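To start, the structure itself, in structure tokens.
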Protein chains: 2
Amino acid sequence: MPPSTPRAPAKASGLDCRLAVLGADVRLTPHRREVFDVLAASTDHPTAYDILDRVKSRAPHISLATVYNCLEHLTTHGLIKQVHLERGQSRYCANLHEHVHFHCETCGKVIDAHPATDFDPAKFWNLPKGTRVTRTDLAIHGTCDACAAKS
Amino acid sequence: MPPSTPRAPAKASGLDCRLAVLGADVRLTPHRREVFDVLAASTDHPTAYDILDRVKSRAPHISLATVYNCLEHLTTHGLIKQVHLERGQSRYCANLHEHVHFHCETCGKVIDAHPATDFDPAKFWNLPKGTRVTRTDLAIHGTCDACAAKS
DNA sequence: ATTAGAATTGGAATGATTCTAAATGGAACG
DNA sequence: CGTTCCATTTAGAATCATTCCAATTCTAAT
């Protein structure tokens, strides 16, 4: 018995919630919410495993697969950003302000750096005519203050 | 019978050669030379597999492990650069001039873009005092000319 | 209550890379 | 010129991060 009308996607409920970000209305299940909250409370650019560990204290039965699913959902909806500084694990970041990443090659720490002045990549690099830019990722590698002081 | 004096590492020979780059003296075995030559002749930022394919036409018995070894040796000695634009395979680049990478999210193509004017990241982003910068990686993501024209 | 779609799960599968232990090859020593 | 030493090379195993998959659970609309 096929239904006569297509069913709309599930809407918000008591256990469910939504978050308006960048004009988009994003559906957050409890797990997605936990993952988002953990990331929003972190400034250290955790990996999926780090996030799993932290979320487990609030939702002990969450699985790694779910953490990946949630991170993917949050990323595609623009609530968080996925960061690739080196090969290996992806890192995640809930800072949506314009910023770049400083990566300490000695201790591995990642620090957000915010713009001191306006920056438009097209002004600095000769891109072929007709190129459309959607986003830029700048990673600055070096030695952080603390590691530099030690050596 | 332990030798009384330590033996120096093997020196250059007829089959062997060296290349002076950035003041460093880098030992190149025939395989390393092939890998370097293939990469130097490529502008498409090939992956390790791509490089294996291309080197095979000149050295049919080379293995993937050797390609990885060579790429690692060449990278640590500064003859080539490893590029991470997304997660997945690393790409390699023999362009040592200052440049950034434009990545087309539609066709996957990677294009080198050279600076139109001088660029110093420290001028644009507030890094913590004491931070030492060794290198910056800028990836510009978007749609290339050809893909933009199609849509 | 029923049902359909979405979310979640554990575990299997995949893909890229790194590791390992054995084989090879050239150079210096005798 | 043969031996020894060590770097290089190799095939295949192991690892690591992630993605896939099929089964189960949940939620919200009928």
Assess whether residue B:15 counts as being among the aliphatic types (A, V, I, L, M), out of contact with any His (no Cβ under 7 Å at 6 or more places or on another chain), part of a loop (DSSP other than H, G, I, E, B) and modelled with pLDDT under 90.
-> yes
Test residue B:146 against the criterion of being modelled with pLDDT of 95 or more, away from DNA strand C (no atom under 16 Å from the Cβ) and open to solvent by less than 70 Å² (accessible area, probe 1.4 Å), and give yes or no.
-> yes
Filter result for residue A:151 (more than 12 Å from chain B (Cβ to nearest Cβ), among the polar types (S, T, N, Q) and either surrounded by fewer than 18 Cβ atoms within 10 Å (Cβ to Cβ) or within 17 Å of the chain's Cα centre (by Cα) (or both)) = no
Within segment B:84-101, identify whether any single residue is more than 15 Å from DNA strand C (Cβ to nearest atom) and in contact with a Cys (Cβ under 6 Å, 6 or more places away or on another chain), and answer yes or no.
-> no
Counting only residues that are farther than 27 Å from residue A:148 by Cβ and of a type outside the set (A, V, I, L, M, F, W, C), segment B:100-151 contains a total of 15
Looking at A:83, A:67, A:35, which is the one that is hydrophobic (A, V, I, L, M, F, W, C), away from DNA strand D (no atom under 12 Å from the Cβ), modelled with pLDDT of 95 or more and outside the structural domain of residue A:136 (by TED's automatic domain parsing)?
-> A:35
Do we have residue B:149 as touching an Asp or Glu at 6+ places or on another chain (Cβ under 6 Å) and at negative phi here?
-> no
Taking segment A:123-143 as the region of interest, how many residues are in a strand (DSSP E or B) and surrounded by fewer than 13 Cβ atoms within 10 Å (Cβ to Cβ)?
-> 2
Is there a residue being of a type in the set (Ser, Thr, Tyr) and at pLDDT 95 or above anywhere in segment B:116-124?
-> no
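The values are calculated or read from the model by the stated rules, or taken from the named source; none is laboratory data. Remember, predicted model here, so these are calculated numbers, not experimental data. Note that we place each Cβ from the backbone using ideal geometry, even for glycine, and neighbour counts take in every protein chain shown. What goes into the accessible areas is simple: the full protein's heavy atoms, side chains included, and nothing from ligands, DNA or RNA. Shrake-Rupley method; radii C 1.70, N 1.55, O 1.52, S 1.80 Å.
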